[in-house]
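Here is the structure we will look at.
The values are calculated or read from the model by the stated rules, or taken from the named source; none is laboratory data. This structure is a prediction, so every number in the text was calculated from the model and none was measured. All Cβ positions, even for glycine, are placed from backbone atoms using ideal geometry, and neighbour counts span all protein chains on display.
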Amino acid sequence: MLYQMYELNHAAIKPWRAAAHMTQMMLRHPMNPVAHSAQGRAIAAAADVFEGITRRYGKPSFGLDEITIDGAPVPVTEQVIYRKPFGQLKYFSRDTSSLNRRRADPRVLIVAPLSGHYATLLRGTVAAMLPEHEVFITDWRDARNVPVSEGNFDLDDYIDYVIDFLRVLGPNTHVIAVCQPGPAVLAATALMSEDNDAATPATLTIMGSPINPRKSPTVPNDLATSRPIEWFKNNVITSVPLPHAGFMRPVYPGFLQLTGFMTMNLDRHIDAHKKLYEGLIAGDGDSTDGHRKFYDEYLSVLDLTAEYYLQTLEVVFQRFDLPNGTMMHRGRRVDLTKISKTALFTVEGEKDDISGIGQTQAAHDLCINIPAKKQMDYIQDGVGHYGVFNGGRWRTEIQPRIRDFIRSFPVLGA
């Protein structure tokens, strides 16, 4: 019933949104004298804010059509090179034919989190890597758009998808796992290492990830352990309603996840929208454009399959199977000591309130057979969770370190 109520509320407010949109158009028309009055600007700004916070945001685009390499513009084309029911492997193809020299850049797979937002949340991550790397990304699907006939998708399937994507890309691929996928990617690397799989990653960079959530627990970590798994199953899982293609699929819906995201820093979001309102009245295009750019992405959320959400919650955040050495994948124990040839780099943010300091570093304590010379850890001062993979510090301080790390170990076992 929860999802149905959400859909009904969205439908009920649609006329009000339409009215708000028309109000904006009328009060901002240059031929309308009221548009130049303080009262007219205030009403138009209020209508604008109302329309924005009640809108349903779809999947954003990456919008990375061109990059600069060696000072020259290079066209970029998005290509889906491998497709599965719950996700696809996307390639950002660079047309470097106009450059003076041939490129032989490392191949990098960015594993995007499946924790509420689309892979486009990593737009800045991709943009910073593109000039010097062949970049691929995992592009996960919204579960409400996947028919129940496609079957289930849980944490074991997520690990299988990562392994499949790596095999499609082939040997000596470098992997960057951003946030939530860290445990799954580490498990995939261990399984592939044990099997002597030729597609085992040459390097693995894990950023702001809950490898061991017991270290420096944050508010989300405490919430995950505050109640038994049955509580989450009974209170946050609901079925997709019509007319969505995933009708009757049990999911953890995106709107509930977004509510959780927002309430963690509610004062900050309220203040941001107050500033948007003031900026619209003042006609401050720079501040309002920045606000819209951030929230167009932040408010775009997807549904997770119930089995994936519950298994991840239990295995990673409640039982701590990975650091305990008890994690299983389809009846097989995940043994991190089997990783010996893949180089490991962990990155954390000093002010990360999602994955606290030490949670990602824990990977080094668990992967005891990786030689010390192939391990690196870095804590970026002054940034929170988002700043680990986006923004100025990411571009100028974190990304260059990852670039150099990848080039230090170009092939598996180097």
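Computed quantities for the displayed model
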item	result
Within the stretch 129-164, tally of residues that are more than 30 Å from GLY392 (Cα to Cα) and outside any loop (DSSP other than H, G, I, E, B)	15
Any pair with Cβ under 8 angstrom, 6 or more apart, that starts in the stretch 338-354 at a residue that is under 14 Å from HIS174 (Cβ atoms) and ends at one that is in a loop (DSSP other than H, G, I, E, B) and among the aliphatic types (A, V, I, L, M)	LYS341/LEU412; THR342/ALA202; THR342/ILE370; THR342/LEU412; ALA343/ALA202; ALA343/ILE370; ALA343/ALA414; LEU344/ILE370
ASP95 vs. criteria in contact (Cβ under 8 Å) with a residue 12 or more places away in the chain, assigned by TED's automatic domain parsing to the domain that holds ALA202 and either within 30 Å of ALA18 (Cα to Cα) or among the charged types (D, E, K, R) (or both)	yes
Residue match in the stretch 167-181 (condition: farther than 22 Å from GLY413 by Cβ, β-branched (Val, Ile, Thr) and assigned by TED's automatic domain parsing to the domain that holds GLN318)	yes
Residue ID - nearest to PHE86 (Cα to Cα), chosen from residues in the stretch 151-177 that are crowded, with 24+ Cβ neighbours inside 10 Å and touching a Leu at 6+ places or on another chain (Cβ under 6 Å)	PHE165
Complete set of residues in the stretch 92-126 that are hydroxyl-bearing (Ser, Thr, Tyr) and over 30 Å from ILE354 (Cα atoms)	SER93, THR96, SER97, SER98
Strands (runs of 3 or more DSSP E) lying entirely in the stretch 32-111 (those with 2 or more residues that are closer than 23 Å to CYS179 by Cα and of a type in the set (A, V, I, L, M, F, W, C))	87-94, 107-111
Qualifying positions in the stretch 117-133 - more than 18 Å from the chain's Cα centre (by Cα) and under 25 Å from ALA190 (Cβ atoms)	HIS133
Matching option when the condition is in a helix (DSSP H, G or I) and surrounded by 20 or more Cβ atoms within 10 Å (Cβ to Cβ), among LEU191, LEU204	LEU191
Checklist (1) out of contact with any Phe, Trp or Tyr (no Cβ under 9 Å at 6 or more places or on another chain); (2) at pLDDT below 90; (3) not hydroxyl-bearing (Ser, Thr, Tyr) applied to ARG83, failing item	(2)
Tally of residues being acidic (Asp, Glu) and surrounded by 14 or more Cβ atoms within 10 Å (Cβ to Cβ) across the stretch 378-398	1
Options LEU109, LEU121: the member that is modelled with pLDDT under 95, touching a helix residue (DSSP H, G or I) at 6+ places or on another chain (Cβ under 9 Å) and farther than 18 Å from VAL251 by Cα	LEU121
Residue match in the stretch 340-350 (condition: basic (Lys, Arg), buried (at least 18 other Cβ atoms within 10 Å of the Cβ), at pLDDT 95 or above and closer than 15 Å to ALA187 by Cα)	yes
Considering residues of the stretch 389-406 that are closer than 13 Å to ARG123 by Cα and in a helix (DSSP H, G or I) only, the residue farthest from the chain's Cα centre (by Cα)	ARG395
Residues being part of a loop (DSSP other than H, G, I, E, B) and surrounded by 16 or more Cβ atoms within 10 Å (Cβ to Cβ) - total across the stretch 218-244	6
